[in-house]
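Asks: Take a look at the following structure, please.
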């Protein structure tokens, strides 16, 4: 006995939705997003190794602290200095054969441009050992 797969009434309304084009479009969008998402990320996720013990340097590290308060006043270690005197102190430090580390502490309310100006001044003198201090929350 043969079966016939023709519908009885060809003029009846189609009651099913063909979802094949929707699935094709969803997969195409998924592929596009999978390709473009890694390009949008700015940070590199790196799991840094854990230090097992604190390594002590052979010689104690020398450093100087340059602080800028919220008014824009400069401090060399614990002494208030003018911007001209700070330039002289940086010149002396740059003249040393093994200059000390510079640790910069800037107030959070200070305009960002003040810190950049200080960093430019330090780099113009050829000093590259710089530490920017932050607080831990």
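The values are calculated or read from the model by the stated rules, or taken from the named source; none is laboratory data. Remember, it's a predicted structure, so these values are computed and weren't measured experimentally. Every residue, glycine as well, gets a Cβ built from its backbone with ideal geometry; the counts of neighbours run over all protein chains shown.
Asks: Check whether at least one residue in the stretch 77-84 is touching a strand residue (DSSP E or B) at 6+ places or on another chain (Cβ under 7 Å) and within 17 Å of residue 125 (Cα to Cα), and report yes or no.
Replies: Yes, the conditions are met somewhere in the stretch 77-84.
Asks: Those residues that are at pLDDT below 90 and under 20 Å from residue 63 (Cβ atoms), I need them from the stretch 102-121; list them, please.
Replies: Hits for the stretch 102-121 are 103, 104, 105, 106, 107, 115.
Asks: Could you check, for the stretch 124-131, whether at least one of its residues is part of a helix (DSSP H, G or I) and either surrounded by 12 or more Cβ atoms within 10 Å (Cβ to Cβ) or more than 20 Å from the chain's Cα centre (by Cα) (or both)?
Replies: Yes, the conditions are met somewhere in the stretch 124-131.
Asks: Quickly run through the stretch 79-100 and pick out the residues that are in contact (Cβ under 8 Å) with a residue 12 or more places away in the chain and either outside any helix (DSSP H, G or I) or over 19 Å from residue 132 (Cα atoms) (or both).
Replies: 91, 99, 100 - these are the residues of the stretch 79-100 that are in contact (Cβ under 8 Å) with a residue 12 or more places away in the chain and either outside any helix (DSSP H, G or I) or over 19 Å from residue 132 (Cα atoms) (or both).
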